[in-house]
Structure formats: C-alpha cells, structure tokens
Amino acid sequence: MSEVEDNLVRAKNLIDMSINDLRTVPEKADISELLDQVQKLDNHYKKMCEEMDENYEDEIGTTYRDGISIEYQIEAMWWHDISLAFRKFRRD
C-alpha cells in the first residue's frame with residue numbers, strides 16, 4: 001500500500017471514530033438539563049441545612065458542609081425530574 005493510500009485509510013478511520021463519538025456523546029442541552037435538576041435539589045438541600053443550623057444555633061453552612069440524611073426530605077417529583085434528565089443524558 002502506498003503512503004497516500006495508508007494516509008487515506010488512517011484519515012477514514014479517524015473520521016469514522018469521530019462520527020461514532022458524536023453519536024455517543026450526550027447533547028449539551030441534555031447535560032445542562034441534568035445539571036439544572038441536580039442544582040434545584042442541591043438548593044433545597046442547602047436551604048434545609050441552613051434551617052437546621054438556625055434551629056440548632058450552629059454556624060450557617062455547618063450542616064451543608066458536614067452532610068445530613070435527607071431520605072425523608074426528597075420530594076418524589078424532584079427525583080423524577082432528575083431521573084428524566086438523566087435518562088436523556090444516557091439516551092435511554
């Protein structure tokens with residue numbers, strides 16, 4: 001195989017790999033939507049933590065920094081919104 005043919009084969013392989021990558025990479029809009037939904041949940045979590053800090057007279061930000069269980073605090077709809085965005089991200 002000549003050098004020109006070899007270069008053309010390599011170029012075709014690179015193009016094929018790039019096209020395949022484009023098919024499997026999530027859309028920016030899907031990534032943005034997922035991040036927006038996670039941000040909404042985190043905003044609620046942060047507010048809840050700050051309320052707990054006020055109630056226990058701790059420095060604001062202590063609970064948010066250290067963490068707390070919120071298993072009974074997450075609204076089902078919030079998780080559903082995150083799940084929908086995540087499915088788009090994964091392309092389910």
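Odds and ends about this structure:
- Selection count, the stretch 1-27, where residues are hydroxyl-bearing (S, T, Y) and assigned to a helix (DSSP H, G or I): 2
- Take the conditions (1) loosely packed, with under 10 Cβ neighbours inside 10 Å; (2) touching a Lys or Arg at 6+ places or on another chain (Cβ under 9 Å); K28 misses just one of them, which is (2).
- Filtered residues of the stretch 77-92 (kept if in a helix (DSSP H, G or I) and either more than 23 Å from E50 (Cβ to Cβ) or of a type in the set (S, T, N, Q) (or both)): H80, S83, L84, A85, F86, R87, K88, F89, R90
- Residue check for L22: in contact (Cβ under 8 Å) with a residue 12 or more places away in the chain and closer than 20 Å to K88 by Cβ: no
- Output for the stretch 47-63, where each listed residue is part of a helix (DSSP H, G or I) and in contact with an Asp or Glu (Cβ under 6 Å, 6 or more places away or on another chain): T62, T63
- Filter pass, D81 being surrounded by 12 or more Cβ atoms within 10 Å (Cβ to Cβ), closer than 30 Å to R23 by Cα and among the charged types (D, E, K, R): yes
- Some residue of the stretch 47-65 being free of Cβ contacts under 8 Å to residues at least 60 places away in the same chain, within 26 Å of R87 (Cα to Cα), in contact with a helix residue (DSSP H, G or I) (Cβ under 9 Å, 6 or more places away or on another chain) and surrounded by 11 or more Cβ atoms within 10 Å (Cβ to Cβ): no
Each value in this text was obtained by applying a stated rule to the coordinates, not by laboratory testing. Quick caveat: nothing in here was measured; it's all calculated off a predicted structure. So basically every Cβ, Gly included, is an ideal-geometry build from the backbone, and we count neighbours across all protein chains shown.
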